[in-house]
């Protein structure tokens with residue numbers, strides 16, 4: 001597995017990450033904050049590595065979607081995206097409102 005910091009990618013590293021069909025979005029709590037959601041706390045296993053958030057490319061439709069290793073995705077995350085950058089932008093905004101940020105992208109293919 002290749003690991004890449006989402007905020008520190010060089011152009012050549014970014015090209016490598018863009019080729020995979022499965023990427024793990026590693027999340028971390030923003031310093032000094034608690035993760036929040038409208039229905040309660042965000043799954044703490046997302047920060048320990050026990051549960052992972054995957055960005056997956058569907059071969060037949062070329063659409064991106066999200067999936068947890070275990071558990072059910074919150075309703076706003078259950079959609080399809082036409083591009084990887086749109087998915088990452090949406091995920092960053094969604095989790096930023098919950099005091100969580102995307103720390104790394106891990107190329108799982």
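The values are calculated or read from the model by the stated rules, or taken from the named source; none is laboratory data. These numbers were taken from a predicted model, which means no experiment stands behind them. Every residue, glycine among them, receives a Cβ derived from its backbone with ideal geometry; neighbour counts consider all protein chains shown.
Residues of the stretch 23-36 that are surrounded by fewer than 16 Cβ atoms within 10 Å (Cβ to Cβ), closer than 20 Å to residue 89 by Cβ and at pLDDT below 90: 30 alone. Please indicate, with yes or no, whether at least one residue in the stretch 69-91 is at positive phi and either at pLDDT 90 or above or in a helix (DSSP H, G or I) (or both). No; the residues of the stretch 69-91 include none that is at positive phi and either at pLDDT 90 or above or in a helix (DSSP H, G or I) (or both). Reported count of residues in the stretch 46-68, each being surrounded by fewer than 16 Cβ atoms within 10 Å (Cβ to Cβ), more than 12 Å from the chain's Cα centre (by Cα) and either touching a residue at least 12 places away in the same chain (Cβ under 8 Å) or part of a loop (DSSP other than H, G, I, E, B) (or both), is 8.
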